[in-house]
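For reference, the structure discussed in these notes is given below.
Coordinate-derived values only; no laboratory data. Since this is a predicted model, take the numbers as computed values, not measurements. Neighbour counts run over all protein chains shown; Cβ positions are idealised from the backbone, glycine included.
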Amino acid sequence: MDRRRGLHAGALVIAAALSLSACATTPGTTAPPSETASPDARAWVQFDDFPLEPRDQPAAAWTGSELLVLGGSTGPPCPPNAYCIAGDPVADGAALDPETGTWRAIADAPMGLPSPTAVTVGDLVYVTSTLIADEQTLLSYDPAADTWATVDAPLEVGHLLVADGDDLLLVSASDEYGGVPDLVLDGATGEWTELPADPIGDAFNRMLTPTTHGLVLTAHDLVDNPGADGPSLTLAALFDRETQTWTRLPDTEQIADWPWAVNGDRLIAPSLGGADGGEIGNWGRVYPNGGVITLPDGAWEPLPNLPTGNHQPGLADAVGTHLSVASGYLYDDDARTWEPLPPVDDIPDVVRTTAWMGDRLLAFGGTAWNSREGERLRSVWMLTP
């Protein structure tokens, strides 16, 4: 069946904006990391600064041995709580070795990459970036050969990149406008196929999350005014790769969703807080943003042992496997515990991008707004929980 899917305007951005800044340093000549705090399990270790030109919103991809930072925009920084169109896209990038804290330059992409996204599939890193309102290009980067290639793909605006083992998924963000299918690039054959129609039906905020049980679709029912007649709850379905069939899972009691952390049989949306619908159209209680889905039956439960108080040490949220960062807390799903992370440094009001490198957490970039123009930061830090 060929069920067409479209784009929800609010679903294009799936991660916090990345911001890196640098002065004139030479890639590949950085020094090993140095301790900047007492050597304990929660000490941040500082690496040499990012070596390329200042930029916002690059893509970050972990290859298993290096963190790649690709593209982005070098226009003026975007002020807090503002919406900015990425300008002055760049094609360059660099790779960080977390074992030594050193950077190396990589080959330029064949085009500028404004606000790109990237995922690692096998030995390749796939990258996409919206160039104009109705066009997207899919690229692949080979870290071993340091080469780029353009991928012949039925890519459309609204497709999200998801790695599924040796396969690449192109996931439609929404059915709002119709016309965009979910696609699979078979890593063995190089052929594209469409996934069968899912049992949820028309929906928005769609995401496919790979697990050992299959692909889990999470989405919200597509209605005229979501939330007006009650909370727009996260819906779920499970796709069996072998039988190519779907199973509808029980509805959740949460109102936010992806990105999801996958820890064994558990899908975790470690998003704190919730909503009750407000004074007009109140829902009668607070519905949580986050929660846990346990496979294969899809039973839902709220996040365990929620922390109290507001803790914001200037770190963007990032999901891993059993470890995730949310609202400045480190959530350990194995232990079911939340621990406040220490601040990276004493610079106030900076939100740094975070990225997981296995079980190591990298924090980098950000803009210090101690002036009207803002000053992009060059610093790069790592913490090993």
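Tabulated data for the structure shown
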| item | result |
| --- | --- |
| Listed residues LEU323, LEU124, LEU341, most fluctuating in the chain (Gaussian network, C-alpha, under 10 Å) | LEU124 |
| Approximate spin-label separation ASP146-ALA107, in nm, with each point projected 7 Å along Cα-to-Cβ | 1.0 nm |
| CYS84 paired with ASN370, simple spin-label distance in nm, labels 7 Å along Cα-to-beta-carbon | 1.9 nm |
| The stretch 236-371, Rg to Rh (Cα coordinates; Rh as Kirkwood inverse mean 1/r) | 1.03 |
| Separation between Cα centres of the stretch 152-183 and the stretch 319-385, rounded to whole Å | 29 Å |
| Contour excess over end-to-end distance, with Cα ends at GLU279 and TYR177 and 0.36 nm allotted per residue | 33.6 nm |
| Charge dipole (the chain, unit charges on Cβ, about Cα centre) - positive-most of LEU235, THR63, THR102 | THR102 |
| For the chain, alpha-carbon Rg relative to the globular expectation (2.2 N^0.38 Å, N residues) | 0.97 |
